[in-house]
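Every number here is computed from the coordinates shown, using simple stated rules; none is lab data. Every value quoted in this text rests on a predicted model; they were computed, and no experiment measured them. FYI the Cβ positions are ideal-geometry reconstructions off the backbone, even for glycines, and counts take in every protein chain you see.
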């Protein structure tokens, strides 16, 4: 199968580089590599954000990355990219006319707009990764998205062949946008269970019980609730992994805000920031924690709980978005209401006081990550959706057919 993945602002090459990789970068890189390993011809199209980038990079994992010139060749906020999507689409149309893919899989809503405009009769599948309707509901006037985003996403629900949602909560939101149930399949994000493992290097730690939050420093991720929850666990420290480089922490507005929250709560001496860490070092930091916290106000999917579970660490997470699917309450972790630091503190204190429950959650998390969220399964499930849309059998189905023929 000749597969075109479109990820206008999130290059898979950033995931390989490490520090600047977000969830979408990691997802697209792992999906492209997995599909290539299954014998498919895979090209990822992403916007050129540096004039020095070559037109094409052949990645060691067996797929290609094409850099599309659309707008200035510099790093721009993704919310400013809508105006450049017509140029992005023109390049895609030219490339796909010369070398037609069998299927296009767009990642993020602006990738979907460009793909639909460029694809002609080629079927387009859409993964949103985040929905503007949800973002607007939670952020209100602070939402920096283009004002027409929700209506454009609603149009995409009509115009794409199929939507690949990442969790059950997203399906509910898509239905509210008018997407018919038969046009959506759930395939979650994945985790590399060969990298995120219970055994391996452990980051340095103190003798205090360690709580850890991981990811971008933005208010909706709820790090301030984790800081306030420290008042309920007086012996514990909170390590915040991520954010700007370590030498820029003192100038970062969100770091300053969180430090002020900690000072007001009387826990400033138990709050630590690592700054940005290389992707390869993330498992060691997770292994250093007694409990990993994932406490956003809302979350389209949420990779952190998967990585924590794969490393055998118990999770306390807010019951929002994809976290409701990935964290099994009372089995791999505890779910708490969002924006409720008192309830969060109670849950964390109880878990820190129960060694046996933490161990049981950790072991169950490893089993769940390996059975449901390993990339091999996510890639195979995605391939099955492509085959369904194209009306073609998957390689697994082909093997089954050949086996039945031999049996006859």
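What to note about this one:
- Using alpha-carbon coordinates, inclination of helix 341-352 to the longest axis of the chain, degrees: 80
- For the chain: relative contact order, % (alpha-carbon pairs under 8 angstrom, 6 or more apart): 14
- The stretch 256-282 and the stretch 225-255: distance between their alpha carbon centers, rounded to Å: 2
- Gain upon complete extension [residue 158, residue 139; 0.36 nm per residue less C-alpha separation]: 4.3 nm
- Antiparallel %, DSSP beta bridges [both residues in the stretch 210-372], to 5: 5
- Neighbour counting of Cβ atoms within 10 Å sorts the residues 168, 185, fewest neighbours leading, into 168, 185.
- Using the rule -39500 (n - 2.57) for each DSSP H run of four or more residues, divided by the residues of the chain, the 222 nm mean residue ellipticity is -12500 deg cm²/dmol.
- Rounded tilt (10° steps) of 109-119 against the dominant C-alpha axis of the chain: 10
- Full-stretch length increase - residue 329, residue 281 - with 0.36 nm per residue and alpha-carbon distance subtracted: 14.5 nm
- Among 280, 319, 376, the residue with the largest mean-square fluctuation in a Gaussian network model of the chain, with springs joining Cα atoms closer than 10 Å, is 280.
- Sorted by Cβ neighbour density within 10 Å, fewest at the top, the residues 27, 162: 162, 27
- If you wrap the Cα atoms of the stretch 211-365 in a convex hull and average its projected area over all directions, you get 7.9 nm².
- The distance between label points at residue 207 and residue 195 comes to 3.6 nm (points 7 Å beyond Cα on the Cα→Cβ vector).
- The GNM of the chain, with springs linking C-alpha atoms under 10 angstrom apart, assigns the highest mean-square fluctuation among 382, 231, 206 to 206.
- Calculated FRET efficiency, residue 37 to residue 182, Cβ-Cβ distance, R0 = 30 Å: about 0.50 to the nearest 0.05.
- Gyration tensor over alpha-carbon atoms, the chain, equivalent ellipsoid semi-axes in Å: 36, 25, 20
- Extension reserve of the residue 390-residue 61 stretch, reckoned as 0.36 nm per residue once the Cα distance is removed: 115.9 nm
- C-alpha center-to-center spacing [the stretch 59-103, the stretch 344-391] in angstrom: 33
- The chain - share of DSSP beta bridges that are antiparallel (%, nearest 5): 10
- Against the main long axis of the alpha-carbon atoms of the chain, helix 395-407 sits at an angle near 70°.
- The calculated FRET efficiency for the pair residue 168 and residue 370, based on their C-beta separation and a Förster distance of 30 Å, comes to about 0.90.
- The chain: most fluctuating residue of 369, 353, 70 per GNM, C-alpha cutoff 10 Å: 353
- Gyration tensor verdict on the stretch 226-299 (Cα atoms; rounded if a/c is under 1.5, prolate if a/b is larger than b/c, oblate otherwise): oblate
- The spread of Cα positions in the stretch 1-160, taken along each principal axis and listed from longest to shortest, comes to 44, 37, 28 Å.
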